[in-house]
Amino acid sequence: MSKKIVKVGNISCGDTGLFLISGPCVIEDEGIMMKTAEKLKEISQRLKLPLIFKSSYQKDNRSSLKYYVGPRLEEGLKMLEKIKKQFDLPILSDVHYPDQVKPAAEVLDVIQIPAYLCMQTDLVVAAAKTGKVVNLKHGQFLAPENMIKPAEKAVESGNPNILLTERGYTFGYNDLIVDPRSFYHMAKTGYPVIFDITHSIRKYGIPSSDPTGGAREFLPVLSRAAVGAGVDGLFIEAHPNPPAALCDAASQYYLDHLEEFLKPLIELHNVVRKFNVN
């Protein structure tokens with residue numbers, strides 16, 4: 001299948017250049033959000049790395065009612081719209097219910113379907129019918145080649161503007177596994193493929209706000225493997241102080257260290273593209 005190019009604002013996802021999806025896991029206070037957006041835009045401009053800003057207004061898959069879920073739809077969209085206007089950035093966030101899709105589409109440039117929900121037909125169809133780009137996250141329970149199924153639901157609903165994101169598998173235990181073959185299988189669909197580094201190192205069973213709930217030491221090797229395998233984009237959540245983050249405290253990357261983390265990945269991507277390795 002021929003490679004598709006999906007436009008997000010001025011970004012051509014799936015073209016020769018690498019792109020970045022980044023931001024705090026979930027919307028926190030305004031100071032953190034604005035500081036992160038400003039820093040990410042500076043990094044994007046210095047590295048000439050196109051940026052889509054990401055943050056969730058609602059985390060609906062918490063393992064306990066005690067955990068922070070975010071400001072929810074109305075207040076969360078206000079914050080994302082403010083970032084969009086002030087920093088001139090395209091915005092990505094996830095939806096959990098079909099009735100969230102229409103108001104979310106008024107602000108978002110990319111509507112993300114969470115991994116747990118990637119086979120929920122009504123949700124995928126509602127997102128597709130907005131005409132916005134739809135980022136389908138690979139379900140932890142699904143073989144990578146089967147991601148063509150939710151993609152086909154979107155296409156049959158009139159929307160071919162699809163991104164696919166790998167984020168690791170779970171086999172019923174608490175560790176996620178990243179199989180590099182998944183990048184190959186998902187690329188065979190023809191849609192741009194993204195690697196979600198952040199959630200691939202999460203440890204299930206440990207609260208996401210717990211700094212021990214992930215294995216950040218694996219971020220470099222997994223990201224290099226993905227770029228070497230030819231992914232089109234990287235999904236890296238970033239925070240000024242990850243251990244204090246209200247979600248994914250163990251797996252978000254340190255905002256001040258992100259630029260140096262990205263530099264070798266950009267170089268590796270250029271080598272892959274030069275020799276058409278994938």
Would you check if there is a residue in region 36-49 being more than 28 Å from Gly230 (Cβ to Cβ), assigned to a helix (DSSP H, G or I) and among the aliphatic types (A, V, I, L, M)?
-> yes
Given (1) more than 17 Å from Cys25 (Cα to Cα); (2) hydrophobic (A, V, I, L, M, F, W, C); (3) buried (at least 17 other Cβ atoms within 10 Å of the Cβ), index of the condition Val221 fails | (3)
Exactly one of Phe141, Phe183 is under 19 Å from the mean Cα position of the chain (by Cα), part of a loop (DSSP other than H, G, I, E, B) and not hydroxyl-bearing (Ser, Thr, Tyr), and that residue is Phe141
Looking only at residues in region 244-278 that are under 18 Å from the mean Cα position of the chain (by Cα) and modelled with pLDDT under 90, which one is farthest from Asp210 (Cα to Cα)?
-> Ser251
For Glu42, all conditions in the list (1) surrounded by fewer than 16 Cβ atoms within 10 Å (Cβ to Cβ); (2) touching a residue at least 40 places away in the same chain (Cβ under 8 Å) hold save one; what is the number of the exception?
-> (2)
Residue set Val227, Val231; condition buried (at least 17 other Cβ atoms within 10 Å of the Cβ), part of a helix (DSSP H, G or I) and touching a residue at least 12 places away in the same chain (Cβ under 8 Å); output residue Val227
Could you please let me know if Pro98 is of a type outside the set (S, T, N, Q), within 18 Å of Gly70 (Cα to Cα) and touching a helix residue (DSSP H, G or I) at 6+ places or on another chain (Cβ under 7 Å)?
-> no
Show the residue pairs that are 6+ apart or on different chains and have beta-carbon atoms under 6 Å apart, the first residue being within region 17-38 and over 26 Å from Arg62 (Cα atoms), the second being outside any helix (DSSP H, G or I) and aliphatic (A, V, I, L, M).
-> Phe19/Ile11
Taking the options Arg273, Arg202, name whichever one is of a type in the set (D, E, K, R), touching a Ser or Thr at 6+ places or on another chain (Cβ under 9 Å), more than 15 Å from Ser22 (Cα to Cα) and free of Cβ contacts under 8 Å to residues at least 60 places away in the same chain.
-> Arg202
Within region 107-137, considering residues that are assigned to a helix (DSSP H, G or I), under 18 Å from the mean Cα position of the chain (by Cα) and hydrophobic (A, V, I, L, M, F, W, C), the one surrounded by the fewest Cβ atoms within 10 Å (Cβ to Cβ) = Leu117
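The values are calculated or read from the model by the stated rules, or taken from the named source; none is laboratory data. Being a predicted model, the structure only gives us computed values, none of them experimental. Neighbour counts are summed over all protein chains in view; Cβ atoms, including those assigned to glycine, are modelled from backbone coordinates with ideal geometry.
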